[in-house]
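> My questions all concern the structure below.
Please treat every number below as a calculation from the coordinates, not as lab data. Everything numeric here is computed off the predicted structure, so don't read it as measured data. All Cβ positions, even for glycine, are placed from backbone atoms using ideal geometry, and neighbour counts span all protein chains on display.
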Amino acid sequence: MDLVDLSRTIEPGMPLFSPSAPQPAITAWQSHAQAAASGHYEGCSCEITEARFVTSIGTYLDSPYHFHPGGPSIEALRLEQLVLPGIVVNCPAVVARAGIGPGVLDGLDLAGKAVLFRTDWSRYWGQPEYSAGPFLTEATALALRERGARLAGVDCLVVDDMGDPRRPVHVNLLAANILIVENLAALDALPSSGFMFHAVPAKVARAAAFPVRAYALVP
């Protein structure tokens with residue numbers, strides 16, 4: 001079995017869903033030097049890291065609570081929702097700020113699967129072009145729901161058209177308990193099917209979304 005890392009590193013200066021969102025701050029709450037001088041350690045030292053960030057950052061998973069106040073939040077999700085057989089949907093010739101329609105799903109068995117849309121927009125990570133990526137259309141979200149998908153993932157900034165305040169993809173998918181993972185990487189390293197997709201966040205109470213170390217287990 002091969003393990004394929006599909007995640008982004010959380011670090012200062014990284015792309016965020018909005019220019020108004022705060023950049024992450026990662027510092028030592030207790031540094032090695034402070035620990036060594038504390039008198040609590042002998043022949044060793046211990047760093048304790050403090051990280052501050054909004055939870056929709058890096059490669060992250062949206063819970064239904066993200067858009068539905070009565071829906072389950074991150075800690076209430078079952079592991080069976082987070083570890084799923086995966087399928088890669090190739091979306092050739094995507095362009096900036098263009099919708100991906102349901103035609104890309106023709107002939108594919110989506111039932112019970114994590115459906116990962118490969119646009120290769122991830123090549124622009126860290127560049128201005130990344131914020132102008134493609135998105136899924138409302139019709140595509142409805143097709144995922146009707147055909148039994150359990151998770152939708154994209155290798156671009158967000159699943160929705162950020163110019164549409166209705167956010168129909170988030171609203172429709174999360175209402176059906178179809179989870180969402182955004183900012184995936186390295187989907188080109190995966191086969192079209194036959195792998196297991198893992199996207200398990202820390203068990204944080206009442207979090208609407210949270211970063212994941214997404215990866216695939218490929219035979």
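> Counting only residues that are touching a Leu at 6+ places or on another chain (Cβ under 9 Å) and among the hydrophobic types (A, V, I, L, M, F, W, C), how many does the range 199-219 have?
9
> Test of understanding: among L187, L173, L179, which residue is touching an Asp or Glu at 6+ places or on another chain (Cβ under 7 Å), crowded, with 22+ Cβ neighbours inside 10 Å and within 23 Å of H68 (Cβ to Cβ)? Explain how you work it out, then say what you get.
Values: L187 fails: within 23 Å of H68 (Cβ to Cβ); L173 fails: touching an Asp or Glu at 6+ places or on another chain (Cβ under 7 Å).
Result of the check over L187, L173, L179: L179.
> Also, I was wondering about something else. Can you tell which of L116, L108 is of a type in the set (A, V, I, L, M, F, W, C) and either farther than 21 Å from A216 by Cα or more than 16 Å from the chain's Cα centre (by Cα) (or both)?
On the way: L116 fails: either farther than 21 Å from A216 by Cα or more than 16 Å from the chain's Cα centre (by Cα) (or both).
Within the list L116, L108, the selection yields L108.
> Something else about it: Of the numbered conditions (1) surrounded by 14 or more Cβ atoms within 10 Å (Cβ to Cβ); (2) under 18 Å from S131 (Cα atoms); (3) among the small types (G, A, S), A93 fails exactly one; give the number of that condition.
Answer for A93: the failing condition is (1).
> For the range 60-75, name all the residues that are outside any loop (DSSP other than H, G, I, E, B) and surrounded by 18 or more Cβ atoms within 10 Å (Cβ to Cβ).
Hits for the range 60-75 are Y60, L61, D62, P64, Y65, H66, I74.
> Kindly indicate which of S7, S45, S20 is in a loop (DSSP other than H, G, I, E, B), polar (S, T, N, Q) and closer than 20 Å to L151 by Cα.
When all the criteria are applied, what remains is S7.
> Name the residues in the range 129-154 that are touching a Gly at 6+ places or on another chain (Cβ under 9 Å), free of Cβ contacts under 8 Å to residues at least 60 places away in the same chain and either assigned to a strand (DSSP E or B) or within 17 Å of Y60 (Cα to Cα) (or both), would you?
F135, L136, V154
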